[in-house]
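Shown next, in structure tokens, is the structure this report addresses.
The values are calculated or read from the model by the stated rules, or taken from the named source; none is laboratory data. What you are looking at is a predicted structure, and each value in this text was computed from that prediction instead of being measured. Note: ideal-geometry Cβ built from the backbone for every residue, glycine included; neighbour counts use all protein chains shown. The protein model used for the area step is the full one, side chains on, heavy atoms only, and it has no ligands, DNA or RNA in it. Shrake-Rupley method; radii C 1.70, N 1.55, O 1.52, S 1.80 Å.
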Amino acid sequence: TMARTVATFRAPTGARNASRTGRTVAQASLKAAPGEIRVVRGASFESLQSEGVFSWPIWTCEASEFPWTYDQNETCYLLEGEVEAKADSGETASFQAGDLVSFPAGMSCTWKVTQAVKKHYKFY
């Protein structure tokens, strides 16, 4: 089977780098910790289905750049597109179609949508 990758991008605290592990979606918490953007690459259809991802609402956005503050936690699954999100703290995460991404409540960032996005999303 293909390995799934969980990349956690944390706000800078000293010289901290992004951590990368080979955990599966089932092993990785979908909820991002405070100050981090969690990106899960290569999630299997079965794991996405078991999380109910395909029943979540859909949001679309053309190529653009805009600020966003998360009042609640959000997890989203990109069906199409590419994004670079830069947190006000300096953290940057890039993600694309096929990635499952989580943002913590309270995070402020700027979304740079480089290719039009279509995503499933869930606030909690």
Heavy-atom accessible area order for Asp71, Asp99, largest first, 1.4 Å probe: Asp71, Asp99
Taking θ = phi - 60°, what integer Hz values does the Karplus form 6.51 cos²θ - 1.76 cosθ + 1.60 yield along the range 36-53, in sequence order, with x for Gly and Pro? 10, 10, 9, 10, 10, 9, x, 5, 6, 4, 4, 5, 5, 5, 5, 7, x, 3
With every protein chain kept in place and a 1.4 Å probe, the range 24-124 has an accessible area per residue in Å² of 48
Evaluate the distance, in nm, between pseudo-label points positioned 7 Å from the Cα of Glu80 and of Tyr124 along their respective Cα→Cβ axes. 2.7
Only Lys, Arg (+1) and Asp, Glu (-1) charged, at Cβ; the range 77-121 dipole about Cα centre in debye: 120
How many nm separate the modelled label positions at Ser108 and Glu62, each set 7 Å beyond the Cα in the direction of the Cβ? 2.8
Can you give the FRET efficiency for Gln115 and Ala33, using 1/(1 + (r/R0)^6), R0 = 22 Å, r = Cβ-Cβ distance, to the nearest 0.05? 0.20
